[in-house]
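Input: a single structure, listed below in structure tokens.
The values are calculated or read from the model by the stated rules, or taken from the named source; none is laboratory data. Here the structure is a predicted model, which means the values were calculated and not measured. We place every Cβ from the backbone using ideal geometry, glycine too, and count neighbours over all the protein chains shown. For accessibility, only protein heavy atoms count, side chains too; no ligands or nucleic acids. Shrake-Rupley method; radii C 1.70, N 1.55, O 1.52, S 1.80 Å.
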Amino acid sequence: MTAGPVAVVGGYGAVGSAAVARLHRDGVGPLRVGGRNPDRAAALVRDRLGGAGEAVAVDVYDRDSLARFCAGCRLVVCAGGASHQVLDRVAVAALAAGAEYVDAGGDEPLYDRLAGRDLAAQGRIALVTAGMMPGLSGLLPRWLAARGVTRPRRLVAHLGVMDRLTPAGAVDYLLSLHDRERESRAVWIGGRPVARAAEPQVDALVPFFPNPVGVHPYLGYEARRLGAGLGLDEVRWNSVFDGGAAMMATLGRLQGAMAGQSDLTRAAAELARAADLDMFSRRPYQLMLLELSGADAAGEPVTRTVLARSTDTSALTGTVLALAARQVLDGLVKPGTHFAAEGLHPERLVEALLRTGALTAFETFDVPAAEAASAVEEGAL
């Protein structure tokens, strides 16, 4: 890999600035920070990097601007814009400039576009969805499987986020509603997805969550790929909503209101305001609770549970993004197009993440989640 800059698109945003700061602390450089507002990029380089970097204007919807930004780079990291709208614009420019590529988002649309380029044959690397959810949420079950669950059979996940929405995050959420409707209430059973196999729960008591919550079964692509990749018989993947009444009501009104770009922009702003309303007088948190069961190498039943908690969605996403970039720079990622959860080294990612302090809690248990929570409450663990 060449010694050119590591460039971060959207580098002064909430996710991008966290990624830039982590890369700088880890000694990665030189860094190139980009966005539409060069003054904000310059301020970040001055204030967060001590001037040790360069600020460059870039517009992800302008091909020439992207080409100039990516020129000479060894790695381009994307943390800017709504990924369902940006798609492969940044990736194409990065690869054309000879750089490797890491994206905080992208999901299946970006993966499908890049997979057709056969990067493995070219010795090139592209990592997509290198963030918190999806991303870390799909990597942790693989980390659990490597901790004695030799023959995994069942995965139960409860994933909750109580936080504000960024404008780009609101756009991505709205653009994914079609898939969410299709995948809602689905469960992985017998090695395949089964539609409408589970019902949402209201005011459910879920281990380690601080309040009664809404539980919505949702079998997205990350859960399906885990089911297939780990050879699981069953996957129950649940989105957890702690409150969120204003946001849920707003989503109900917005279902048919996104015919054009202007409608989408207004709808995203309304959804972000609703999320802010739900957060009034509450502290944000993100909680991932994953329970993997199966058999160990001797054929004995075994269960492993992991609890990961943080208080800042953007900071955690940006930290994971930076650590993914580090693995690419360190030669730990094989050539090709990968979802980050599948292309990264799980053990090294978790070890590095725990050193950053981005998680406020990280606990593992050798029992099911409910049993672990009871033991914690009783002071036995």
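Kindly identify segment 327-381 as rounded, prolate or oblate by the Cα gyration tensor criterion: order the square roots of the eigenvalues as a ≥ b ≥ c, call it rounded if a/c is under 1.5, otherwise compare a/b with b/c, prolate if a/b is larger, else oblate. Kindly include the intermediate steps, with their values, before the conclusion.
Working: a/c = 4.24, a/b = 2.43, b/c = 1.75.
It is prolate, given that a/c is not under 1.5 and a/b is the larger ratio.
In whole Å, how far is the Cα centre of segment 326-366 from that of segment 101-166?
10
Under unit Cβ charges (Lys, Arg +1; Asp, Glu -1), what dipole magnitude, rounded to 20 debye, does the chain have relative to its Cα centre? Kindly include the intermediate steps, with their values, before the conclusion.
Working: 39 positive and 42 negative charges, 146 e Å.
About 700 debye.
Of all beta bridges DSSP finds with both residues in the chain, what is the antiparallel percent, to the nearest 5? Show your work: numbers first, answer last.
Numbers: 38 of 68 bridges.
Counting DSSP beta bridges with both partners in the chain, the antiparallel share is about 55 percent.
In whole Å, largest first, what are the principal axis extents of the Cα atoms in segment 1-158?
52, 34, 29
How big is the charge dipole of segment 296-381 about its Cα centre, in debye rounded to the nearest 20, if each Lys and Arg gets +1 on its Cβ and each Asp and Glu gets -1 on its Cβ? Each step should come with its number before you reach the end.
Values: 6 positive and 12 negative charges, 112 e Å.
Result for segment 296-381 is approximately 540 debye, rounded to the nearest 20.
Determine ³J(HN,Hα), in whole Hz, for all residues of segment 359-366 in sequence, where each value follows from phi through the Karplus function 6.51 cos²θ - 1.76 cosθ + 1.60 and θ = phi - 60°; x replaces Gly and Pro.
9, 8, 8, 8, 10, 10, 9, 9
Rounded to two decimals, what is Rg over Rh for segment 184-326 when you use alpha-carbon atoms and the Kirkwood radius? Don't jump to the answer; show the numbers that get you there.
Numbers: Rg = 18.1 Å, Rh = 17.9 Å.
Taking Rg over the Kirkwood Rh, I get 1.01.
Projecting each Cα onto the charge dipole of the chain (Lys/Arg +1, Asp/Glu -1 at the beta carbon, about the Cα centre), which of LEU87, ALA267, ASN238 comes out farthest on the positive side?
Of the candidates, LEU87 comes out farthest on the positive side.
Over the chain, with every protein chain in place, what whole percent of the accessible area is carbon and sulfur at 1.4 Å, could you tell me?
Details: 8280 of 16540 Å².
Of all accessible area on the chain, carbon and sulfur atoms account for 50 percent.
Hey, if you put +1 on the Cβ of every Lys and Arg and -1 on every Asp and Glu Cβ in segment 49-144, which of VAL58, PRO134, ALA71 ends up farthest toward the positive end of that dipole?
ALA71
Tell me the per residue accessible area of the chain using a 1.4 Å probe; a whole number in Å² is fine.
Details: 16540 Å² over 381 residues.
Per residue, the chain has 43 Å² of solvent-accessible surface.
Provide the net charge surrounding ASP118, with neighbours chosen by a C-beta distance below 14 Å and charges set as Lys +1, Arg +1, Asp -1, Glu -1. Numbers along the way, then the final one.
Working: positive: ARG113, ARG117, ARG124, LYS334; negative: ASP112.
Overall, the nearby charge balance is +3.
Summing -39500 (n - 2.57) over the DSSP H runs of n ≥ 4 in the chain and dividing by its residue number, what mean residue ellipticity at 222 nm do you reach, to the nearest 500 deg cm²/dmol?
Numbers: 17 runs with 161 residues, N = 381.
After summing the helix terms and dividing by residue count, I get -12000 deg cm²/dmol.
Picking from ALA297, ALA145, ALA97, which is most flexible by a Gaussian network model of the chain using Cα springs under 10 Å?
Highest fluctuation among the options: ALA297.
Average projected area of the Cα convex hull of the chain, in nm²? The partial results should precede the final answer.
Values: hull surface 76.8 nm².
Here the figure is 19.2 nm², rounded to one decimal.
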